[in-house]
1. Tell me the carbon and sulfur percent of the accessible area for the stretch 168-265, rounded to whole percent, probe radius 1.4 Å.
2. Ignoring ligands, DNA and RNA, what accessible area per residue does the stretch 277-323 give at 1.4 Å, in Å²?
3. Less than 19 Å apart at the alpha-carbon level, and either on another chain or at least 8 residues along: which lysines does that give for Lys286?
4. On the protein heavy atoms, probe 1.4 angstrom, tell me the percent of accessible surface of the stretch 28-139 carried by carbon and sulfur.
5. Hey, what do the phi angles of the stretch 321-333 turn into as Karplus ³J(HN,Hα) couplings, whole Hz, using 6.51/-1.76/1.60 and θ = phi - 60°, x for Gly and Pro?
6. Positive end of the dipole of the chain, charges at C-beta (+1 Lys, Arg; -1 Asp, Glu), about the Cα centre: which of Ser180, Pro89, Ile192 has its Cα farthest in that direction?
7. In what sequence, highest mean first, do 21-33, 121-133 appear when ranked by Cβ atoms within 10 angstrom?
8. For the chain, what is the charge dipole size about the Cα centre, in debye to the nearest 20, if Lys and Arg each add +1 at the Cβ and Asp and Glu each add -1 at the Cβ?
Amino acid sequence: MSAAEVETEAKRIAERARVWLREAIVEVAPLSAALGLRRFYRVRAVSGRTAIARVETSEDPAGRPPGLPPEPALEPIRALFERAELPVPKCHGREPGLELLEDFGDESLYVRSQHADARALHALVARALDLVPRIQRVTDDGTGIVAFERKLDAPYFAYKADLFARYSLADALGRAPRASEDTALREAFAWIGSECARAPLRLAHRDFQSQNLLLRANDALGLIDLQGAFLAPPEYDLVCLLRDSYLELPESFVAAELARVRPALPDTPDAASFAARFDLLTLTRKGKDHARFLYAAQERGDARFLAFAPRTARMLGRAAARAAVLDPRIARVAELLARWREVACAE
């Protein structure tokens, strides 16, 4: 957006915020966004009270294929989480394309990780993981929540495969992929989709990672960016945080937390299926994340996230190697990602 467009949008936000907050507005300042295309502003009222303005855009991220619906609006899933006593921002007011939300501050779990010692960080991650069983216990209350109509299904796995094949496979191979290699990757993701279709489906935040977990007063956790919630296997949100591209978590901690959280999940998956799906979902979810880092740099000129691509690649290489025993299609993907695994072993 141009400076003039930002100024016009800020004026609109100030006008609406004055009505919703019932006091004069002294500042509307744009905030830096992540990979999403929504825009955010911090609104400051004359009393010093602040709120976050969330502006929807009509743009669609990373080449979403036909037939895959865009993310729904934040309401009413935010209100459902609030009724379930999950820590989400209150809504001060909304109209089409604009919402004014409670300000949880700027310190995310990722920001804290930059200066916290390992013990303190692991304690915060464990507290965040305790939210996952609570989210999975939230059920459809019959008020028309779109999240319960959306699920991690074949079109989503195809979308993730397409992104990975288009943007990450060459990086993994160190050269342009052959047609047979592209096909092998897509077939493996489709097989993962068929395996996950047999899993119990529970509500998932869908982007349960350190930049969407904010630390409020007294280190109380807050959840943001939950409009993409959908039904997914019980491991999905665990993959998002324990395989977070922005955090460096030791394998011993990851294993201990998986063992701790699994019995608390509503469906209590058996240990073998749980471990297998965790690695398979790591391949598809983190494969999409890695591809979006490259997509943002190549297509949008936004290179901020390239620093996290090597860590994500290491996670993918290791997950593929562990899951190779599950099916020949995954073994083939492990071969394709072998260079990433070799780099990881050399470090």
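The values are calculated or read from the model by the stated rules, or taken from the named source; none is laboratory data. Given the structure is predicted, the values throughout are model-derived calculations rather than measurements. Note that each Cβ is placed from the backbone with ideal geometry, even for glycine, and that neighbours are counted across all protein chains shown. SASA here: full protein model, heavy atoms, side chains in, ligands and nucleic acids out. Shrake-Rupley method; radii C 1.70, N 1.55, O 1.52, S 1.80 Å.
1. Values: 1780 of 3400 Å².
For the stretch 168-265, the apolar C and S fraction of the accessible surface comes to 52 percent.
2. 31 Å²
3. Candidates past the 8-residue exclusion: Lys151, Lys160.
4. Working: 2770 of 5280 Å².
Exposed carbon and sulfur together represent 52 percent of the surface.
5. For the stretch 321-333, the Karplus curve yields 5, 5, 7, 4, 6, 7, 6, x, 5, 6, 4, 5, 5 Hz.
6. Ser180
7. Put in order of decreasing packing, that is 121-133, 21-33.
8. Using only the charged Cβ atoms, the result is roughly 240 debye.
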